[in-house]
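S.K.: Could you have a look at this structure, given as C-alpha cells, before my questions?
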Amino acid sequence: MVKRVLAVALATLAAGGAAGGAPAYAPCSGAPDLAFRAADGTKLVGHRWGKGRTFVVLAHQYGGDTCQWAPYAKRLASLGYTALAFDLRGFGRSQKRYGDALIRYDRDAVAAAKLARSLGARKVFLVGASLGANAVLVAGTQVAPPVAGVVSLSATSTFRLDAVASAKKLRVPVLYMAGSYDATYKDEALAMFRATASSDKATAFNQTAEHGVALVSHPGRMRNLVERFLASR
C-alpha cells in the first residue's frame, strides 16, 4: 500500500503537479498556475507578476514558454504593470491540440486578454515574440472590447497564422519591431505595417540579429520604445 501511494505521488510530481491536487508552480515565478481556457476549450496555463491595473499580456516565441518572459515580466511589474505571461497551446503546461486547432494560437492570446480583464485589468496590451507576435497580431483583431495596443517583436507574417491578412483589420495602436540582421523579419514587419488599417502604427529596427524576447531583454533603444508605447496609450 505504501509503495502504491508513493508511486502515485511521484507520478503526479512528474506530470508537473503536486500531490493532493495542489496547483503547480512555475519555477520562474514561484506563483500558482493560472488555469484558463481558450474559446475552443483548450486548457491553458499562465502566470502573473505585479499588481497594476494595466495588464501586459506576453506571448512567447516558438519552443519557449511562460518562463521565457520572466525577466522582462519582473521589470514590467517594477514599472507598475501587471505582466501576464502564458504558455501557448502545445508548449509548457498548456494542452496540445491536433488538426485545425493545432495552430490557433490567436485563440490563446484572446483568452489571456479575457483572463486579464477578469483579474481586474482596466487596460490590456498584447505583446508577442516571433510566433507569439504572429498570434497577438491576429488576436488584436478579435479581442472585445479592443486592447489598448499590440507590440510585435520579430513577428512572422504568415508562418502558422496570416498576420498580413489580419493587419488589414487591425485598428488598435501597433508597434512592429525587429532586428535588421535577423533573417527576413524586418521585411515581414514592413509588409505587416503597410497592411495595417490602424493610423496609429509604427516600426522600429535595430542593427542587430537579436530575435523576439531578446530585443527587450536588456536596457537599450528597443526596450525604451516598447515602454514608451505602453505608457503613452
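S.K.: Pop out the ³J(HN,Hα) list for region 95-104 in order, Karplus 6.51 cos²θ - 1.76 cosθ + 1.60 with θ = phi - 60°, rounded to Hz; leave Gly and Pro as x.
M.R.: Running phi through 6.51 cos²θ - 1.76 cosθ + 1.60 with θ = phi - 60° gives 5, 8, 10, 9, x, 4, 6, 4, 10, 7 Hz.
S.K.: Nearest 0.05, what FRET efficiency do A144 and L190 give at R0 = 25 Å with Cβ-Cβ as r?
M.R.: 0.30
S.K.: Among 58-67, 146-155, 207-216, what's the highest-first ranking by average C-beta atoms within 10 angstrom per residue?
M.R.: Order by mean packing, descending: 146-155, 58-67, 207-216.
S.K.: Mind telling me which of D87, D200, D33 comes out most flexible in a GNM of the chain, alpha-carbon contacts under 10 Å?
M.R.: The residue that fluctuates most here is D200.
S.K.: Amide H to amide H, which residues 5 or more places from G149 or on other chains are under 5 Å from it, using H placed in the peptide plane?
M.R.: Answer set, sorted by chain and number: L126.
S.K.: Sticking with this one: Would you mind getting me the FRET efficiency between S232 and A183? Use the beta-carbon distance for r and R0 = 30 Å, nearest 0.05.
M.R.: 0.50
S.K.: Could you point to the residue in S154, W49, G63 farthest towards the positive end of region 23-231's charge dipole, with +1 and -1 charges on the Cβ of Lys/Arg and Asp/Glu respectively?
M.R.: W49
S.K.: About the Cα centre of the chain, how large is the charge dipole given +1 on each Lys and Arg Cβ and -1 on each Asp and Glu Cβ? Please answer in debye to the nearest 20.
M.R.: 680 debye
S.K.: Also, quick follow-up: At 0.36 nm per residue, and after removing the present C-alpha to C-alpha distance, how many nm does the segment from R221 to D40 gain when stretched out fully?
M.R.: Full extension from R221 to D40 adds 61.3 nm.
S.K.: Can you give me the long-range amide H partners of A85? Hydrogens built in the peptide plane at 1.01 Å from N, cutoff under 5 Å, separation of 5 or more residues or another chain.
M.R.: H47, W49, L58
S.K.: Want the number for K168 to L102: 0.36 nm per residue separation, take away the alpha-carbon distance, what's left?
M.R.: In short, 21.4 nm is gained.
S.K.: Put +1 on the Cβ of each Lys and Arg and -1 on the Cβ of each Asp and Glu in the chain; which of T203, L225, P32 then has its Cα farthest toward the positive end of the dipole?
M.R.: P32
S.K.: Which of the three applies to the chain, rounded, prolate or oblate, going by the alpha-carbon gyration tensor with a ≥ b ≥ c and a/c under 1.5 meaning rounded?
M.R.: prolate
S.K.: What residues have an amide H closer than 5 Å to that of G90, excluding those fewer than 5 places away on the same chain, when H is modeled at 1.01 Å from N in the peptide plane?
M.R.: Q95, K96, R97
S.K.: Go through region 159-174 residue by residue and turn each phi into a ³J(HN,Hα) via Karplus (6.51, -1.76, 1.60, θ = phi - 60°); whole Hz please, and just put x for glycine and proline.
M.R.: Going residue by residue, I get 7, 6, 10, 8, 6, 5, 4, 5, 4, 5, 10, 7, 10, 9, x, 9 Hz, with x marking Gly and Pro.
S.K.: Could you tell me the relative contact order of the chain? Use alpha-carbon pairs under 8 Å, at least six residues apart, and round to a whole percent.
M.R.: The value is 14 percent.
S.K.: Something else: Please identify, among L119, L170, L190, the residue showing maximal mean-square fluctuation in a Gaussian network model of the chain using a 10 angstrom Cα cutoff.
M.R.: Of L119, L170, L190, the Gaussian network model singles out L119 as fluctuating most.
No value in this document is a laboratory result; all are computed from the given coordinates. None of these values were measured; they are calculated from a predicted model. Positions of Cβ are generated from backbone atoms using ideal geometry, with glycine treated the same way; all protein chains shown enter the neighbour counts.
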